[in-house]
C-alpha cells in the first residue's frame, strides 16, 4: 500500500510536498462531481494513472480513501478469515481484503468476504465479481472510517442485496450485525458485545461461531 | 453519458492532478467533449450555459474589449492552471498580452469574472476561496438572473479582503490600473 494518509492542511503544503503520490480531498462537497465507473478505473490502472496498491475503493462512482489500518484491525481481519477458512470446505472461498466489483460503479475491498467458490467470476472490466445475492457474509473492521462504513457503505451493501454484513468497531469493541437487505437499508441491525457469540445466518455457515473477545489483540482495550 | 455523484460527501476522496486528467483524456477515460473544471483534484462537470448567462457574458466581453489597453488580453473561457490540481475556466479573464496561457497563474490575473446561473453558491463560496488562495487579483461573481455582482478584492490564503455587492444599476470598475477605462453597468445592457 502507498499508505500515506496525508491530508494537506494548505494548498501550499500540498504543492510543496514531493512525497505525496496521490492526494485526498473533500474540497468540492456540496456540488456534483464526475462519477467514475469500474471501466474508468480499469483504464486508469492500465494507463498508469492510478496504481494497483492505492488505498481507494470505488463507492458509487467516487474514489474514497481507505484509512490506514492498525494492528488491531489486522489481527481481527486475519483471525476472522482464518477461522472461516478452516470452517468451510473448498467449495467456498474466504477473501481477505480483496477487491470485489459490486456494480458498474462500485468496487469495494471488504476485510472479509465469504461466498461459494463457483460464484466468483471476472468482470468485463477485469475485477473479481461475486453476485451480491450469493455473498454469504461480508465483514468490515473499522475504527476511524466507521461513520463512512456504517453509513454510506452499509447502505450500498443493503442496496446491492448482501444478506449479512458485520461491521466490527475496534474502538467500542462491538459488532453491528446487519441483516435483511433492502433498497432503503438493512432492516435489522443488532449490536453485539465483545463477549457475545457471533453466528452467521446463512445455512452454509451453520455451526460457525466466534466471539470478538476471543481474538488475540481484541481481548483488551485497544487504546492501552 | 456522464454520471454525477455527491455520494461520498464529507469523506476524503482521491484527488487528481492536471497531468493525470490529461492522461485520462488520452486514455479515453474522459471524453474529449466533456466540459469540466478540476477543483482541488476533483472533476466537476460544467453546467450547460443558457441564454441569460450568455447575454451577461457577452455584455461584459464587449464592455471590457472596447476599453482594453493594447498590452492586456481578454480571455473568454480560458483554461487557467491555478495549481497542479486546479484547472478552472472562468467566463472572462484579463492578463498581460505577453503571457502564454499555459503559464498564466493566479497573480497574473488582473480580473477574473464568473457569470453564475445555477452555480452561484459554489462560485461565491468554494470557488471564490480558491481564486483568493491562488492570488487572483480581483474576482467578479455575477448573478446572471439578477445582474448583481459580488466584487472580490484583496486575495489572501484565507479568503478575500473585501467583498462589495454591486447592484445592476451600480458601476463596475476593475481595480487594476491598466483596466482604468473599463466601466460597466449591467442594467444598461439588454
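Table: residues versus (1) away from every other protein chain (no Cβ under 12 Å); (2) in a strand (DSSP E or B); (3) at pLDDT below 60; (4) exposed (fewer than 15 other Cβ atoms within 10 Å of the Cβ).
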position: A:2; (1), (2), (3), (4): no, no, yes, yes
position: A:5; (1), (2), (3), (4): no, no, yes, yes
position: A:8; (1), (2), (3), (4): no, no, yes, no
position: A:14; (1), (2), (3), (4): no, no, yes, no
position: A:19; (1), (2), (3), (4): yes, no, yes, yes
position: A:28; (1), (2), (3), (4): no, no, no, no
position: A:73; (1), (2), (3), (4): yes, no, no, no
position: A:78; (1), (2), (3), (4): yes, no, no, no
Practice problem: Give segment B:91-115 a look and list any residue that's under 18 Å from residue B:64 (Cβ atoms) and touching a residue at least 40 places away in the same chain (Cβ under 8 Å), or say none. | Solution: B:94, B:110, B:111, B:113, B:115
Quiz item: Any idea which of (1) surrounded by fewer than 16 Cβ atoms within 10 Å (Cβ to Cβ); (2) at pLDDT below 95 is the one residue B:98 doesn't satisfy?
Solution: (2)
Quiz prompt | Any hit, segment A:188-204, residues being assigned to a helix (DSSP H, G or I) and in contact (Cβ under 8 Å) with a residue 12 or more places away in the chain | solution = yes
Self-check item: Extreme residue, farthest from the other protein chains (Cβ to nearest Cβ), among residues of segment A:41-54 that are buried (at least 21 other Cβ atoms within 10 Å of the Cβ) and assigned to a loop (DSSP other than H, G, I, E, B)
Solution: A:50
Quiz item: Among the strands (runs of 3 or more DSSP E) confined wholly to segment B:1-75, which include 3 or more residues that are at the interface with another protein chain (Cβ under 10 Å from one of its Cβ atoms) and more than 30 Å from residue B:178 (Cα to Cα)?
Solution: B:13-15, B:42-45
Practice problem: Hey, can you tell me all the residues within segment A:56-69 that are at pLDDT 85 or above and under 12 Å from the mean Cα position of the chain (by Cα)? | Solution: A:56, A:57, A:58, A:59, A:64
Exercise. Would you mind stating whether residue B:143 is within 14 Å of another protein chain (Cβ to nearest Cβ), touching a strand residue (DSSP E or B) at 6+ places or on another chain (Cβ under 7 Å) and under 14 Å from residue B:56 (Cβ atoms)?
Key: no
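The values are calculated or read from the model by the stated rules, or taken from the named source; none is laboratory data. Remember, predicted model here, so these are calculated numbers, not experimental data. Virtual Cβ from ideal backbone geometry, glycine too; neighbours counted across all protein chains shown.
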